[in-house]
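Report on the following structure.
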Amino acid sequence: MKNTLIPIIGLEVHIELATKTKLFCTCSADHFSKKPNTQVCPICMGLPGALPYTNYEAVISTIKFGLAMGSTINLFSKFDRKHYFYPDLPKSYQISQYDLPFCVGGNFAGKRIRRVHLEEDTGKLVHETIDGVKSSLIDFNRSSVPLMEMVTEPDFHDIESIISFLKDVQLIVRYLGISNADMEKGSMRLEANISLANSEQVIANKLPNYRVELKNINSFKFLEKAASVEIKRQTEALEKGEELVQETRGYNEVKQSTFSQRSKADAHDYRYFPEADLPPIELSELIIKNLQLTIPELPEQKRVRFEKEYELSKDFANILVSDLDRANYFEEALRQAQSKFGQGATLSARTIADLMINRKLDQEFPEPAGLVKKIIELTSVAYSSNEEVENAVKSVLIENEKAVSDYQTGNGNVIGFLIGMTQKKLQGKGNPQIVREKLLEGIQK
Amino acid sequence: MKIPLTIKETQDGLIKKEFSAVQLVDAYLERIKKYNEEYNIFLTTSDEIAYSKAKKFNDLDQYTEEFFKENPLAGVVVGYKDIFLTKGIRTTAGSKVLESYIPPYSATSVSRIENAGAIPIGKLNCDAWAHGSSGENSDFGPTKNPWNKEYVPGGSSSGSGAALAANMSLITTGTDTCGSIRLPANYCFSVAIKPTYGAVSRYGVIAMASSLDTVGPIGRTVEDVETVFNVIKGEDGYDGTVVNSKFEIRNSKLRVGIPKEFFTEGIDPEVEKTITLGIEVLKKEGIEFKEVALPSTKYAIDVYYVIQPAEVSSNLGRFDGIRYGNGRDSFGDEAKRRIMLGTYVLSAGYYDAYYLKAMKVRSKIISEVDKVFDEVDALIAPVAPTPPFKLGDKVSDPLTMYLTDVYAATANLCGIPSLALPSGFSKQGLPLGFQLMGSRFSEPALFELGKLYHKAIDYVPKVAF
């Protein structure tokens, strides 16, 4: 029997935080498609004498994310220097976290989290031909923008579960309001560590003795292609009895294959050591408790609540929750509709969800008020006309003299009975509010 | 004109209209022009900036005591060690790598000194990247000691000490990573404070070893040094390690410890004698002395020579040949030596044996020193084992050179302040002195002790010529 090979995949997810200013200086952190080198200062350019100064907003964002991942928050953590040479790294080291990250452990969407730490982003190389000369230019706008890195345990065995996990992470980050986590804009980046385990290793719960780091994954499509090509490459090699080695590989989109970038022997020695320019960060249980309180309702909680509170189907709830703006739009439209219609909230909730999802009316009306107006228009057509209501009310009042006199002697409850009788005559098409009004008018005459 | 030797004399002279700020600048620049070629003290003078600042302060009618309260350094001519960034004025760190570097911003300490009214006269020679104890590692040639030009002025802030002895500046700034402020002060008959780590911002001062670097003033009296210290201390929002502390004197009756480990072998008899005399003087003034033990400080210099190169190798990485004009081949031998040593001790497989172990011993030294400060308010110690040595004497033997700082390392490793005080001259006519270390943020107690001592010995500021 052929030995079954199971992919063992762990992820390193980088998320650029949407703080107002950079991690260690007061330059704007919003760098996407800005004119090169317009958001720079001595600190993020690593000039002689410049020192980093911690932006605690980024620290708080990281801790909030860790709490949402179920991580333990280190009460004592610090920054470290990670050394390597590259022209876009102006200090020759990146300020990162090594042995004491802000968040350790955790579990999210059924996958174990190893750690979440905070570091600074690098600048960017831009390759251009200037006056006929091929040139490499450096843009430091991105230099020192806060970058949060989450490392998972190797708990993934197929690409679909990676994509669904990443989408969940993306969503939670947006709910926390700490980043847009947009892969296309580079505010969410991914590295996958891929190896294949044979059945013996799976049974013994042992990891393969190599792993391949797949770098610079910048879209879900790219991830799907690159990872499946790499899994295929490893499967074929192992089936041929070849030995695989620890290395870093990139993906060539044209050739649709991965290629070796760096072997273990050339692995960097990053010479990590504590960043003395920044004091260690000490937190108290109380601070963490308070941060926990600032965490908003997260997607999973909202999904459950939408199903329960508004009696939405699982599908409807899922669709709305998967976009925080839409979920908020829905609840705001509902609130406004309820204040207009009074009763019948359940009906309105489903109607609103339906109009949003199936008729995309939320796209047509950017403001919830517009949608509500539209609902009134749409639903009023379905209601019986005022004349029909008046006629029905008239006959109900005549046919139910006893109920009318009961109401007049103070038994207010009978109004419900009279509404029911009127609706029966109207085959349920009466606008409840108008039916009620007309009945009361009639009784008082 | 006769150049005044203290801030008080300078400001009194301005009040009495004995001279103007411009005349002061004239007098200093004249001396610099006359003697700098011989002594190699200034790397750059900022004549134009000095005159424009002096002209702003040239209206003699504005000088009142009130004015000097608001502008405590008005009329004070200052020279900066060339490792302090000065916007628009070349800053070399004493290295060919930065031979033509003109920084786009100024250090916090520079801005504060100038906002207090000081007049910047120029940039002072130093060992390249502040690596050295004699000034001989400057890529622009050694500075000579104005008290005897055969001798070193002490380093690495060599020009900062020498400028005071040569009367080329009223105050100077220095950096002290392992004695680099205290040693030149000691070898040039000046007063200097190496502040508590975290008392004065390092922003805009080219880093040597980030966990050890401190920024401080050198002057001719304790009062002058205290004045400048008060101008530059405190948070600036740029150096995250700086905290605003209360700087209190803890006890009304000050006690001083004599660490017995600092007075064993290797100490020059004249250095030892000047300290013994100092102790006698202070005892007469009512200061209590007691012997204390700091057994782990004997490892201080070893620990220092692991941690410091590690941090140096990291901090010098940014001079990568892409920016700042010159490439890494422009580094001198000493910088290369430290880059290699530091890279080695941080490498995978060696980190635990060297860097981590050194950090552990550092913690041990800190806890020992902390404990001693439960018993005493200050510690008295030599600044260096010997009086100034001759130029060239230790150049070929880096290890012997490193041992010059054997008494300096403790204050840097522990982040505690230390005041270097001149006490007299050797038989050869070379300056002698000692240092008083205190607990973190105890600078005021050290200043009190320093003033008490100088008053008792009728100290008067002196220049070599």
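Within segment B:299-321, is even one residue open to solvent by 40 Å² or more (accessible area, probe 1.4 Å), at the interface with chain A (Cβ under 9 Å from one of its Cβ atoms) and at pLDDT below 95? No: zero hits. Return yes when residue A:214 is modelled with pLDDT of 90 or more, part of a strand (DSSP E or B) and in contact with a strand residue (DSSP E or B) (Cβ under 8 Å, 6 or more places away or on another chain) and no when it is not. It is true that residue A:214 is modelled with pLDDT of 90 or more, part of a strand (DSSP E or B) and in contact with a strand residue (DSSP E or B) (Cβ under 8 Å, 6 or more places away or on another chain).
Assessment of segment B:430-444 against the conditions (buried (at least 17 other Cβ atoms within 10 Å of the Cβ), touching a residue at least 12 places away in the same chain (Cβ under 8 Å) and part of a helix (DSSP H, G or I)) yields at least one matching residue.
Go through segment A:75-95 and give me each residue that's assigned to a loop (DSSP other than H, G, I, E, B) and either buried (at least 16 other Cβ atoms within 10 Å of the Cβ) or outside the structural domain of residue A:279 (by TED's automatic domain parsing) (or both). Quick ask: steps written out before the conclusion?
Of all residues in segment A:75-95, those assigned to a loop (DSSP other than H, G, I, E, B) come to A:75, A:78-79, A:84-92.
Scanning segment A:75-95 gives A:78, A:79, A:88, A:89, A:90, A:91, A:92.
Screening residue B:386 against (1) part of a loop (DSSP other than H, G, I, E, B); (2) among the polar types (S, T, N, Q); (3) within 14 Å of chain A (Cβ to nearest Cβ) leaves a single unmet condition, (3). Condition check for residue A:433 on (1) among the polar types (S, T, N, Q); (2) open to solvent by less than 70 Å² (accessible area, probe 1.4 Å); (3) touching a Gly at 6+ places or on another chain (Cβ under 8 Å); (4) closer than 30 Å to residue A:328 by Cβ: one failure, at (2). A count restricted to segment A:99-134 and to residues that are in a strand (DSSP E or B), within 16 Å of residue A:10 (Cα to Cα) and open to solvent by 60 Å² or more (accessible area, probe 1.4 Å) stands at 3.
Of all the numbered requirements in (1) open to solvent by less than 50 Å² (accessible area, probe 1.4 Å); (2) outside any helix (DSSP H, G or I); (3) out of contact with any Phe, Trp or Tyr (no Cβ under 9 Å at 6 or more places or on another chain); (4) farther than 20 Å from residue A:15 by Cα, residue A:195 misses one, and that requirement is (3). Of the listed requirements (1) within 13 Å of chain A (Cβ to nearest Cβ); (2) within 23 Å of the chain's Cα centre (by Cα), residue B:369 misses just one: (1). A residue that is under 25 Å from residue A:177 (Cβ atoms), of a type outside the set (Val, Ile, Thr), open to solvent by 20 Å² or more (accessible area, probe 1.4 Å) and modelled with pLDDT of 95 or more can be found somewhere in segment A:58-67.
Set side by side, the residues A:38, A:26, A:72, A:4 differ, and just one is open to solvent by 20 Å² or more (accessible area, probe 1.4 Å), more than 14 Å from every other protein chain (Cβ to nearest Cβ) and within 27 Å of residue B:320 (Cβ to Cβ), which is A:38.
Give A:205, A:193, A:180 a once-over and let me know the one that is among the polar types (S, T, N, Q) and either farther than 30 Å from residue A:22 by Cα or not assigned by TED's automatic domain parsing to the domain that holds residue A:15 (or both). Being among the polar types (S, T, N, Q) and either farther than 30 Å from residue A:22 by Cα or not assigned by TED's automatic domain parsing to the domain that holds residue A:15 (or both) holds for just one of A:205, A:193, A:180, which is A:205.
Filter segment A:156-170 for residues that are surrounded by fewer than 19 Cβ atoms within 10 Å (Cβ to Cβ) and part of a helix (DSSP H, G or I) and give the result. Even if it seems obvious, please write down each step before you answer.
First, pick out the residues of segment A:156-170 that are surrounded by fewer than 19 Cβ atoms within 10 Å (Cβ to Cβ): A:157-158, A:160-161, A:163-164, A:167-168.
Answer for segment A:156-170, where residues must be surrounded by fewer than 19 Cβ atoms within 10 Å (Cβ to Cβ) and part of a helix (DSSP H, G or I): A:160, A:161, A:163, A:164, A:167, A:168.
Of the helices (runs of 4 or more DSSP H) contained entirely in segment B:59-178, those carrying at least 2 residues that are modelled with pLDDT of 95 or more fall at B:108-115, B:158-165.
If we scan segment B:68-82, do we find a residue that is without any contact (Cβ under 8 Å) to a residue 40 or more places away in the chain and within 14 Å of another protein chain (Cβ to nearest Cβ)? Spell out how you get there, then give the answer.
Of all residues in segment B:68-82, those without any contact (Cβ under 8 Å) to a residue 40 or more places away in the chain come to B:69-70.
Within this subset, residues satisfying the condition of being within 14 Å of another protein chain (Cβ to nearest Cβ) are none.
No, because not a single residue in segment B:68-82 is without any contact (Cβ under 8 Å) to a residue 40 or more places away in the chain and within 14 Å of another protein chain (Cβ to nearest Cβ).
The values are calculated or read from the model by the stated rules, or taken from the named source; none is laboratory data. Quick caveat, the model's predicted, so the values are computed rather than measured. A quick note on method: Cβ atoms are made from the backbone with ideal geometry, for glycine too, and the neighbour counts reach across all protein chains shown. With ligands, DNA and RNA removed, areas are computed over all heavy atoms of the protein, side chains included. Shrake-Rupley method; radii C 1.70, N 1.55, O 1.52, S 1.80 Å.
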